[in-house]
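Worksheet: one structure, shown below.
The values are calculated or read from the model by the stated rules, or taken from the named source; none is laboratory data. What you are looking at is a predicted structure, and each value in this text was computed from that prediction instead of being measured. All Cβ positions, even for glycine, are placed from backbone atoms using ideal geometry, and neighbour counts span all protein chains on display. Just so you know, the surface numbers come from the protein's heavy atoms only, side chains and all, with ligands and any DNA or RNA stripped out. Shrake-Rupley method; radii C 1.70, N 1.55, O 1.52, S 1.80 Å.
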Amino acid sequence: MNVLKKIFNFYYQGFRSMTLGKTLWLIILIKLFIMFAILKIFFFPNFLSSKADGENEKANYIISEMEKRTNK
Amino acid sequence: MEDLILWSRAQFALTAIYHWLFVPLTLGLGVIIGIMETAYYRSGKEQWKQITKFWMKIFGINFAIGVATGIILEFQFGTNWSNYSWFVGDIFGAPLAIEGILAFFMESTFIAIMFFGWNKVSKGFHLASTWLTVFGASISALWILVANGWMQYPIGMTFNPDTVRNEMTDFWAVALSPIAINKFFHTVTSCWVVGSAACIGISSWFLLKNRHTEMAKKSIMIAAPFGIIGILLTIYTGDGSAYQVAQKQPMKLAAMEGLYQGTTKAPLVAVGILNPHEKVMNNEAKPLSFEIKIPYILSFLGYRDVNAFVPGINDLLKGGYPTQDGSTPLSAKQKMESGTLAVKALSEYKLAKRENNTYVQEKSLQTLKANYSNFGYGFIKDESQLVPNVALTFYAFRFMVIFGSAFLLLFSLLTYFNFKKISYERYRWLLYSGIIGIPVAYLVSQSGWIVAEVGRQPWVIQDLMPTFSAVSSLEASSVITTFVIFCVLFTVLLIAELSIMFKQIKKGF
C-alpha cells in the first residue's frame, strides 16, 4: 500500500510541478479527442463490418470484391 | 476507381510522412540524451545534467506532438484498406499488438521517471529509465518494421482459402525475416543521423548567437561522433538493403537505377538525369540523358559478383533473363496468367464448398496452392502497372545517398575540430552548414521511405496483393474529405510543435 501511495505521489507531484508539460498534455488530449471522438467515429468506421456480419460473410465479401477486380 | 486509389495512397503517404517527422528525432535524440546523462552520471558535473535536461525538453516536445500519430495509419487500414486488413490476417496484427503493449508499458512507464524523477529517484535509476525509454522506443520501431518487412517479403504464413486470410505459421520467420532485420537497423541508425543533425544544428545556432557556447560545444562533442557511428552504420545497412532488394524486389532496384535493359557488369549511376521520354518496352530511347557511372558496382552491390547480370525493367517484364541460381524467371504475362488461375481457383473453391463438391474443392485447392505465389498478378490488367514511378524512386534514392553521405563529412569535420580544439566560431560556414543540416536530414530520411514504398508499387504485399485490390470500395470524395482534414490537423499540430520548440530553444539551456 505504501508503495502504491509513493507511486501515486510521484505522478501527482510530477504532474503538479509541470510547466511546459501542461501545454503539451493539453495538446495531447485535444489531439486524442479529435482522433478518437471525431475522426474514428465519424470518418473511419470499420468498413468491412458495415458490409458483412460474421467471419464467413466477411470472407465471402472479400472474395466478391476480389472477383470484381481480377484481370479477366 | 483510379481516383479512389490515388487519394487513398495520398492520404496514407501524407500520414506516414507526418508521422515520420517525429519518430527519427525520438529515436536519435533519445540515444544522445542517454549518452549525455551517462556523462553526468559518471562525472557528477552539474553542467552535464543541465545539458541533458535541455535536450530532454526538446525530446519531450517532439514526443508529445508526435505521440499517437501512427494510430491514424491504423484507422486507415480498417476503413480505406479493408481488403488488405482482412487478407493479412494476424500477421500484421501480432507485431502491431506487441508494439502497442511494449510502447505502453516501457515508454510510458520510464518516460515518466525520465521527466518527473530528477532528484526523486537515484541517479542510477534515473539513468536506467532514460536508457529503457530509448530502448523501448527502438523496440517499438522493430515491430512496426517487422510488419512492413513482411509486406515487402511475405514469409512464415500459409493462405487459408476458407477465411481468405494469410495465417502465420512461423512467427520467427516473420520476426527474423532478413528484410525486416536489415530494415530495422537501417532505419534506426538513420534516425541516429537525424538526431545528431538536430542536436548539431541547434547547437550551431547557439554558437552563432554566442549564447551557451560551452554547452553547445559539449552537445556537438557528443552528437558529432555519434553521428559518424550512425551514418557509417546506415551506409553499411543500406548496402544490406540494396542486396536484399536485388534478391527479393528486383523491380525496385531497376527503378532505383533507371535501368530498363539489364546487363552484366552493371555500373551504378552515381549522378544522372532521366530521359522523360523513356517508356516501358521502348528499346529506342536512352534511359538517362546525363549520367556519371561507377563500373561494376551495381552488379557487386546487388549480387556480390562484379560480373552478375542485373535485370532491367524490360527484362523483368519479359522474363527469361539469366539468374544466379540458374532458374528461368517467368514473364509478367506468365505471372498474370498464373495469378488469374489462383484467383479463379479461390472462387471455385468457395463455390464448391457451398455446394459440398469435394472433388472440385480438392482440384481448385491444388491449383490455388500451385499458383499462390503469383496471386496478386491476377489483378494486373496491363504489365505497365507492374512498373513503379521510376523518376520518383530514382531521384529519391540519389537524394538519400548523396546528401546522406554528406553528413559523414559534416560530422567528421566537427569531430576533427573538437579533437584538435579548433574553435567552431571561426568557421561560421560550418555552423551554418550545421543548421541547414536539420531540414536536409529530415528530407534524406523521408527520401529513404519514398524509395522503399514507391519503389515497391504496385504491391501492398509483394506479388500477392496490389493497391487496386487492397483498397475498400469507398467513394473517392470521402477519402478526399479526410485527406483535407488531415492536412489541416497536421499543419496545425506542426505549427504548434515548431512554435513551442523554437520558444524552448530560444530560452536556452
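Taking the longest Cα principal axis of chain A as reference, the axis of helix A:2-16 is set at about 90 degrees. For the stretch B:439-502, applying the loop criterion from DSSP together with a ceiling of 16 other beta carbons within 10 Å to the GluC sites (Glu not before Pro) yields B:Glu475.
Over chain B, the hull volume per residue, using the convex hull of the C-alpha atoms, is 161 Å³. I want the local charge near B:Ile91. Using Cβ-Cβ distances under 10 Å, sum +1 for each Lys or Arg and -1 for each Asp or Glu among the other residues. So the surrounding residues net to -1. With both labels modelled 7 Å from their Cα along Cα-to-Cβ, the B:Ile402 to B:Thr109 distance reads 4.8 nm.
Summing charges over neighbours of B:Gly156, with a neighbour being any other residue whose Cβ is under 13 Å away from its Cβ, gives -3 when K and R count +1 and D and E count -1.
Mean residue ellipticity at 222 nm, helices only, chain B: -23000 deg cm²/dmol; runs of at least 4 DSSP H residues each add -39,500 (n - 2.57), and the sum is divided by the number of residues.
Taking 0.36 nm per residue of sequence separation and removing the Cα-Cα distance, the B:Glu475/B:Gln504 pair yields an extension gain of 6.1 nm.
Under 17 Å of direct C-alpha separation, and excluding same-chain neighbours fewer than eight residues apart, A:Lys40 reaches these lysines: A:Lys31. Legend: calculated FRET efficiency, A:Ala37 to B:Thr263, from the Cβ-Cβ distance at R0 = 60 Å, rounded to 0.05, equals 0.55. Using equal-weight Cα scatterers in the Debye expression, the normalised intensity of the stretch A:2-68 in log10 at q = 0.26 Å⁻¹ is -1.01.
For the stretch B:423-509, the fraction of C-alpha pairs more than 19 angstrom apart is 70%. For the residue pairs B:Lys265/B:Lys344; B:Lys53/B:Lys209; B:Lys183/B:Lys353; B:Lys252/B:Lys363; A:Lys58/B:Lys183, the C-alpha atoms sit more than 31 angstrom apart in B:Lys265/B:Lys344; B:Lys183/B:Lys353; B:Lys252/B:Lys363; A:Lys58/B:Lys183.
Report the calculated FRET efficiency for B:Leu176 and B:Ile229 (r = Cβ-Cβ distance, R0 = 35 Å), to the nearest 0.05. Efficiency at R0 = 35 Å is approximately 0.90.
Given a cut-off of 18 Å, name the pairs among B:Lys318/B:Lys369; A:Lys68/B:Lys318; A:Lys68/B:Lys248; B:Lys248/B:Lys335; B:Lys49/B:Lys503 whose C-alpha atoms lie farther apart than that in the structure shown. As for pairs spanning more than 18 Å Cα to Cα, those are B:Lys318/B:Lys369; A:Lys68/B:Lys318; A:Lys68/B:Lys248; B:Lys49/B:Lys503. Over the protein assembly as shown, the hull volume per residue, using the convex hull of the C-alpha atoms, is 172 Å³. Qualifying trypsin sites (Lys or Arg not before Pro) in the stretch B:209-266, where qualification requires a DSSP coil assignment and no more than 14 other C-beta atoms within 10 Å, comprise B:Lys209, B:Arg211. Computed about the Cα centre, the dipole magnitude for the stretch B:366-509 is approximately 920 debye when only Lys and Arg (+1) and Asp and Glu (-1) carry charge, each at its Cβ. Overall dimensions of the stretch B:291-387, expressed as equivalent-ellipsoid semi-axes from the Cα gyration tensor (√(5λ), whole Å, largest first), are 38, 14, 9. Just checking the listed ones, A:Lys58, A:Lys40, A:Lys31: in the Gaussian network model of chain A with Cα springs under 10 Å, the one fluctuating most is A:Lys58.
Looking at the stretch B:308-384, the GluC sites (Glu not before Pro) that sit in a DSSP loop and have at most 16 other Cβ atoms within 10 Å of their own Cβ are B:Glu355. A cut-off of 5 Å between modelled amide H atoms, ignoring neighbours fewer than 5 places along the same chain, links B:Gly319 with B:Ala332.
A crude spin-label estimate for the pair A:Lys22 and B:Asp305, with each label 7 Å from Cα along the Cβ direction, gives 6.9 nm. Could you state the orientation-averaged shadow area of the convex hull built on the Cα atoms of the stretch B:358-458, in nm² to one decimal? Here the figure is 10.5 nm², rounded to one decimal. Extension gain, A:Asn2 to A:Leu29, is 6.7 nm, computed as 0.36 nm per intervening residue step minus the present C-alpha separation.
Here is what passes the span test in chain B: the DSSP H helices with alpha carbon length of 27 Å or more along the helix axis and a Kyte-Doolittle mean of 0.0 or above are B:23-43, B:46-66, B:123-152, B:178-208, B:213-248, B:390-419, B:428-454, B:476-507. For A:Met66, the accessible surface of its heavy atoms amounts to roughly 10 Å² (probe 1.4 Å, protein chains only, rounded to the nearest 10). Within 10 Å of the Cβ of each residue in B:107-113, the mean number of Cβ atoms contributed by other protein chains is 1. Taking K and R as +1 and D and E as -1, what net charge do the other residues with C-beta under 12 Å from the C-beta of B:Tyr41 add up to? Here the count lands on +3. Between B:Glu214 and B:Trp118, the modelled label-to-label distance comes to 1.7 nm, taking each label 7 Å out from Cα in the direction of the beta carbon. Counting every C-alpha pair in the stretch B:253-318, the share spaced more than 20 angstrom apart comes to 22%. Taken residue by residue and averaged, Cβ atoms of other chains lying within 10 Å of the Cβ of A:57-63 number 6. Taking amide H as placed 1.01 Å from N in the peptide plane, B:Val460 has its amide H under 5 Å from the amide H of B:Met465, B:Thr467, each at least 5 places away in sequence or on another chain. For B:Lys293, nonlocal amide neighbours, meaning residues 5 or more places apart or on other chains whose placed amide H falls under 5 Å from its own, are B:Ala270.
Relative to the globular-protein estimate of 2.2 N^0.38 Å, the Cα radius of gyration of the stretch B:105-213 stands at 1.55.
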